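Below is one structure; the comments refer to it alone.
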Amino acid sequence: MNESTPEVVAADMILNSEVEAVDRSARRLETASPGAGEGRIARRIVANRKGMTLVEIMIVLTILAGIMVAVGVVAFDQLDKANIKTTQVKLQKISSKVQEYYAFQSPSAMPDGMSDLTSPPGGEPPYLQETDTKDAWGRDISISVSGRSYTISSAGPDGAEGGKDDVILESNRD
């Protein structure tokens, strides 16, 4: 494990030169004023330091990267939860519009699909706008009707139908 990259070699050279400078300063202080307090030596050592070493900069950047990763993971998790909640609200809205459609049709009938809600037969005003038929990820929400029961579904975050992350609202009215 004794691999030396150019950065490590450069950092070692800088560190060695700083240590030599500190040693020279300490020796000068000791010979110039025998018995000088350690506080004075420490102030002089700090005064000779001109900046941060490459290793120190790398440590700071690593810490910052770790913080950004942690914040990113939490933020994206919250974004997924918000999108799921938004889609659930849309499914509930569509469900209420399906029930409204059923109540106002003569004779009472369930919609054959989402198009019956966005452009109803007979020139009626639409129950839903086209934007209401898309989930939070921009994909189409589907509806399937069987008798008076219906299922409204979204493919969820992964976009694949039938996955465990699908957002589904079922109504059993038979």
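The values are calculated or read from the model by the stated rules, or taken from the named source; none is laboratory data. Just so you know, these numbers come straight off a predicted model, no measurement behind them. Every residue, glycine as well, gets a Cβ built from its backbone with ideal geometry; the counts of neighbours run over all protein chains shown.
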Check: Can you pull out the residues in region 111-123 that are assigned to a loop (DSSP other than H, G, I, E, B) and over 20 Å from residue 148 (Cβ atoms)?
Finding: 119
Margin query: Between a residue in region 54-77 that is assigned by TED's automatic domain parsing to the domain that holds residue 15 and farther than 19 Å from residue 11 by Cβ and any residue that is among the aliphatic types (A, V, I, L, M) and part of a helix (DSSP H, G or I), which pairs come within a Cβ distance under 9 Å, given they are 6 or more apart or on different chains?
Written below: none
Next item on the list: Looking at (1) surrounded by 15 or more Cβ atoms within 10 Å (Cβ to Cβ); (2) part of a helix (DSSP H, G or I); (3) free of Cβ contacts under 8 Å to residues at least 60 places away in the same chain, find the lone condition where residue 95 falls short.
Entry: (3)
Check: For region 126-157, which residues satisfy the criterion of being more than 16 Å from residue 96 (Cα to Cα), free of Cβ contacts under 8 Å to residues at least 40 places away in the same chain and either part of a loop (DSSP other than H, G, I, E, B) or touching a Cys at 6+ places or on another chain (Cβ under 6 Å) (or both)?
Finding: 138, 139, 147, 155
Next item on the list: Consider residue 119 carefully, then state whether it is out of contact with any strand residue (DSSP E or B) (no Cβ under 6 Å at 6 or more places or on another chain) and either under 15 Å from residue 170 (Cβ atoms) or at pLDDT below 95 (or both).
Entry: yes
Check: Do we have any residue at all in region 153-166 that's among the polar types (S, T, N, Q) and farther than 19 Å from residue 80 by Cα?
Finding: no
Item checked: Which listed residue is of a type in the set (S, T, N, Q) and either in the same structural domain as residue 153 (by TED's automatic domain parsing) or at pLDDT 85 or above (or both), from 86, 5, 31 -> 86
